[in-house]
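This report refers to the structure that appears directly beneath it.
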Amino acid sequence: MPTAPILITGASQRVGLHCAERLLDDGHPVIISYRSEREGLERLRERGALTLFADFSDEAGILAFIAVLKKHTDALRAIVHNASSWQADTPGQEAQAFAQMVSVHMLAPYLINLHCADLLHASPQADIVHISDDVARKGSSKHIAYCATKAGLDSLTLSFAAKYAPRIKVNGIAPALLMFNEDDDAAYRAKTLAKSAMGIEPGPQVVYQSLRYLMDNPYVTGTTLTVNGGRHVK
Ligand SMILES: NC(=O)c1ccc[n+]([C@@H]2O[C@H](COP(=O)([O-])OP(=O)(O)OC[C@H]3O[C@@H](n4cnc5c(N)ncnc54)[C@H](OP(=O)(O)O)[C@@H]3O)[C@@H](O)[C@H]2O)c1
């Protein structure tokens, strides 16, 4: 029996795209969601990945995505919740940004996990992986809402791990800096690198390695894996 596909949300660029390509390299069928048409999508399509539009800004967009997903597959090997909205706390736009990040980081994983459990049950091995953020460990004075919604995602890891055991493992990955954004200036880069004991920009492969570990290990559930270059010991 062919393996069921792995779904990665928000995988048209950066970390999600990298994980999708590595999974294809390893022979897994892949389904990804994307919001903006980006050049990486063509590479995935050429290799046979299914790319589905999704906007997780509100309940309607999330439910529409779930309905489309179910038209294309009746089984999933794993769901990787990678889509993310990194918004600063901006005066005058606090409530709107907070609601948006609740929707992307918490409501989408919550509803997808509830409504797609049947797809995961159709696979002999099944995983849910929430991509969180190491910042949830200590808080952030400039990204209070982002941090709170990622902490909420960590809580979903615990609750869904309890709810879905032993058939479906549910874990999280909490990275610190993986990749800088193009417009990050030299001062920001130096300050950010100095926060970790390892002092490097590791790239997206450390998330793929963590994902691989969580999917392959039969005894880990309800765990959020810290991938932070030793920020907590510095
Ligand atoms: N990069 C890092 O250094 C870092 C550090 C710590 C944690 N993380 C976590 O690792 C994961 C991957 O990071 P990344 O930097 O690769 O993420 P990213 O590029 O910032 O975002 C991933 C995707 O999420 C999508 N997205 C945003 N809002 C959405 C919405 N309303 N509906 C549907 N999709 C939406 C974006 O779509 P568009 O293409 O339309 O923009 C984007 O392509 C994220 O969960 C992030 O929080 C990353």
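The values are calculated or read from the model by the stated rules, or taken from the named source; none is laboratory data. Keep in mind the model is a prediction, meaning the values are calculated, not measured. Cβ placement follows ideal geometry from the backbone for every residue including glycine, while neighbour counts extend to all protein chains displayed. Side chains are part of the model used for accessible areas, which takes the heavy atoms of the whole protein and leaves out ligands, DNA and RNA. Shrake-Rupley method; radii C 1.70, N 1.55, O 1.52, S 1.80 Å.
Shape of the chain from its Cα gyration tensor (a ≥ b ≥ c, root eigenvalues): rounded if a/c is under 1.5, otherwise prolate when a/b > b/c, or oblate?
Here the chain falls in the rounded category.
Non-local amide H neighbours of Leu52 (under 5 Å, H modeled in plane, Pro and chain starts lacking H): which ones?
The list, which skips near neighbours in sequence, is Ile32, Ser33, Tyr34.
Which value results for Rg/Rh of region 110-186 when Rg is the Cα radius of gyration and Rh the Kirkwood radius based on the inverse mean 1/r?
1.09
With unit charges on the beta carbons (Lys and Arg positive, Asp and Glu negative) and the dipole taken about the Cα centre of region 140-219, which residue among Tyr213, Leu158, Tyr146 sits farthest to the positive side?
Of the listed residues, the answer is Leu158.
Keeping every protein chain present and rolling a 1.4 Å probe, give me the accessible area per residue for region 90-229 in Å².
Ligands and nucleic acids excluded, the figure is 48 Å² per residue.
Cα gyration tensor of region 1-85, axes a ≥ b ≥ c as square roots of the eigenvalues: rounded (a/c below 1.5), prolate (a/b > b/c) or oblate?
Here region 1-85 falls in the oblate category.
Of all GluC sites (Glu not before Pro) in region 36-68, which ones are in loop regions per DSSP and have a Cβ with at most 16 other Cβ atoms within 10 Å?
Answer by residue number: Glu37.
With springs only between Cα atoms under 10 Å, which of Leu76, Leu193, Leu63 fluctuates most in a Gaussian network model of the chain?
Most flexible of the set in this elastic network: Leu193.
Let me have the 222 nm mean residue ellipticity of the chain computed from DSSP H runs of 4+ only, each contributing -39500 (n - 2.57), with the sum over all residues rounded to the nearest 500.
The per-residue figure over the chain is -12500 deg cm²/dmol.
Quick check for me: using +1 on Lys/Arg Cβ and -1 on Asp/Glu Cβ, what's the dipole size of region 119-180 about its Cα centre, in debye to the nearest 20?
100
Which entries in the list Lys142/Lys163; Lys70/Lys142; Lys138/Lys163; Lys71/Lys138; Lys71/Lys169 go over 32 Å, if you measure between the two C-alpha atoms of each?
Pairs exceeding the cut-off: Lys142/Lys163; Lys70/Lys142; Lys71/Lys138.
Select from Ser84, Ser36, Ser210 the residue whose mean-square fluctuation is largest in a Gaussian network model of the chain (Cα-Cα springs shorter than 10 Å).
Ser36
Can you tell which of Asp127, Asp184, Asp74 shows the greatest fluctuation in a Gaussian network model of the chain with Cα springs below 10 Å?
Top of the fluctuation ranking is Asp184.
Assign one of three labels to region 103-234, namely rounded, prolate or oblate, based on the Cα gyration tensor with a ≥ b ≥ c the square roots of its eigenvalues; rounded applies when a/c is under 1.5, prolate when it is not and a/b is larger than b/c, and oblate otherwise.
Prolate is the answer for region 103-234, as a/c is 1.5 or above and a/b outweighs b/c.
Quick one, could you list the DSSP H helices from the chain stretching 24 Å or more along their long axis (Cα atoms) with average Kyte-Doolittle hydropathy of -1.0 or above?
Helices passing the filter in the chain: 144-164.
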